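The values are calculated or read from the model by the stated rules, or taken from the named source; none is laboratory data. What you see is a predicted model, and the numbers here were worked out from it, not measured in a lab. Every residue, glycine among them, receives a Cβ derived from its backbone with ideal geometry; neighbour counts consider all protein chains shown.
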Amino acid sequence: MSESLGQKATVWDDWWGGVTPLSEIQMWDFYGGRQWITKYAPRHGKIVEGGCGVGRYVFYLTRLGLEIEGVDFSEVVIEKLGAVKKEIEPKAVFIKGDVTNLPYDDNSLGGYISLGVVEHFIEGPHKPMGEAFRKLRPGGIAIITTPNISFLVWYRKNMKRIKNAVKKVIGRKIKGSVFFQYEYSPGKLKSFLEKEGFYVSRAETCDLIYPFSEIGLFKGENLKKGSFAYWFANTFENTWLNRMGAQSITISVKRAPLMHCFISGELTATEDSLERFDVPISKEYQDSELAKLFMKNRKVGYSEPYDILPPYLQPEERVCEYSGAKYITDPIFENFGFNKNATPEMLKSPEVNIELCVKHLKPVWRTRKQI
């Protein structure tokens with residue numbers, strides 16, 4: 001079987017060599033899904049992002065106080081991150097590795113994040129998914145996204161079929177294409193994960209704004225407030241129409257009779273907790289306000305409409321709405337993508353950043369900068 005372009009490190013050497021970690025962080029929701037990632041990323045236990053690229057989520061979640069490491073098979077990327085991380089977040093950890101053979105003990109990880117990676121395996125996503133399952137501890141959470149068959153992907157695929165059919169009729173040669181990636185529906189992604197042993201608590205779509213930004217050549221002019229794209233994306237992102245969005249996203253659990261509690265990290269959650277919650281939660285916490293944020297069928301969304309192409313927030317003094325202390329906003333992470341003020345110290349409280357991520361996430365869309 002031929003190799004996928006997406007499985008060649010040299011392809012990603014070139015791609016990630018053309019952007020900077022700083023730019024990738026500050027484009028924020030150029031790719032949607034942050035509302036899912038920040039909500040379900042475990043606050044206890046080590047998280048690994050497999051195929052981390054230039055590490056924007058590793059940097060971001062590290063600054064929020066989560067224990068996370070990035071793994072990527074591109075040596076060029078890992079070297080680049082090592083050179084720049086002291087300017088962004090010195091505590092961030094990046095390791096060269098293979099997502100089908102992770103350098104961690106079995107049953108050791110609290111979480112696993114895979115954003116747009118498993119669809120590049122021409123033989124299917126079984127190997128990286130199976131490896132994630134093996135490395136997660138009981139109750140560990142896997143957050144996995146792939147491209148969805150959005151309305152734009154559907155349109156392009158059908159136009160290609162029509163063109164090829166016409167070429168066949170008139171006797172013109174049909175050019176072959178080199179495989180790069182699949183697009184998976186949430187249902188298909190769920191079926192793959194279940195075959196590897198996961199319990200899939202959520203399998204949905206998101207990111208209605210991305211297809212519109214692609215139509216607008218990623219300049220953002222067609223996304224501004226008052227446009228059809230702005231109205232449509234913000235109105236329907238949390239409805240059944242989001243099935244036309246750009247990404248399929250799944251939240252999965254390594255289910256076991258006894259699991260690590262999402263709230264405390266202790267090995268005290270039982271399987272029946274997954275009947276009420278998306279994540280394992282011990283009985284002693286099930287009536288808490290934090291637990292209620294993870295009840296099944298609760299909508300996952302941003303707290304306000306998209307802010308399109310806003311100017312970069314310059315460091316300024318603000319007052320923390322939790323402690324009352326004054327602080328200066330971050331020159332790179334701005335106000336960390338929230339519409340409520342919190343000091344860096346308060347952000348690292350699991351209870352505070354869970355509340356912020358579920359109730360106060362502000363979506364910001366900026367263009368990607370090429371260098």
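Of the listed requirements (1) in contact with a strand residue (DSSP E or B) (Cβ under 8 Å, 6 or more places away or on another chain); (2) of a type in the set (Phe, Trp, Tyr); (3) closer than 20 Å to Trp36 by Cβ, Tyr230 misses just one: (3).
Per the listing Ile209, Ile251, the residue uniquely buried (at least 20 other Cβ atoms within 10 Å of the Cβ) and under 24 Å from Ile47 (Cβ atoms) is Ile251. Considering Leu66, Leu61, the condition of being within 16 Å of the chain's Cα centre (by Cα), buried (at least 20 other Cβ atoms within 10 Å of the Cβ), aliphatic (A, V, I, L, M) and in a helix (DSSP H, G or I) is satisfied by Leu61 alone. Determine, yes or no, whether Pro128 is at pLDDT 95 or above, touching a Ser or Thr at 6+ places or on another chain (Cβ under 7 Å) and not aromatic (Phe, Trp, Tyr). So Pro128 passes the test.
The residue that is surrounded by the fewest Cβ atoms within 10 Å (Cβ to Cβ), among those in segment 330-354 that are over 18 Å from Thr62 (Cβ atoms) and modelled with pLDDT of 95 or more, is Asn339. In this structure, does Gly110 turn out to be part of a loop (DSSP other than H, G, I, E, B), under 20 Å from the mean Cα position of the chain (by Cα) and closer than 22 Å to Tyr199 by Cα? No, not satisfied. Scanning segment 69-99 for residues being assigned to a helix (DSSP H, G or I), closer than 25 Å to Val118 by Cβ and among the charged types (D, E, K, R) gives a total of 3.
Going through Pro90, Pro42, Pro21 one at a time, which residue ends up being surrounded by 20 or more Cβ atoms within 10 Å (Cβ to Cβ), more than 23 Å from Ile141 (Cβ to Cβ) and not aliphatic (A, V, I, L, M)?
Exactly one of Pro90, Pro42, Pro21 is surrounded by 20 or more Cβ atoms within 10 Å (Cβ to Cβ), more than 23 Å from Ile141 (Cβ to Cβ) and not aliphatic (A, V, I, L, M), namely Pro21.
Residues in segment 34-53 that are modelled with pLDDT of 95 or more and either of a type in the set (Ser, Thr, Tyr) or assigned to a loop (DSSP other than H, G, I, E, B) (or both): Thr38, Tyr40, Ala41, Pro42, Arg43, His44, Gly45, Lys46, Gly51, Cys52.
I need the full set of residues from segment 190-217 which are over 21 Å from Phe236 (Cβ atoms) and either within 17 Å of the chain's Cα centre (by Cα) or among the hydrophobic types (A, V, I, L, M, F, W, C) (or both), in order please.
Within segment 190-217, Lys190, Phe192, Leu193, Phe198, Val200, Ser201, Leu217 qualify.
Can we say Thr250 is within 18 Å of the chain's Cα centre (by Cα), free of Cβ contacts under 8 Å to residues at least 60 places away in the same chain and under 20 Å from Gly116 (Cα atoms)? The answer is no for Thr250. State all residues of segment 224-239 that are among the polar types (S, T, N, Q) and either surrounded by 15 or more Cβ atoms within 10 Å (Cβ to Cβ) or in a loop (DSSP other than H, G, I, E, B) (or both); if no residue qualifies, say none. The answer is Ser227, Asn234, Asn238, Thr239.
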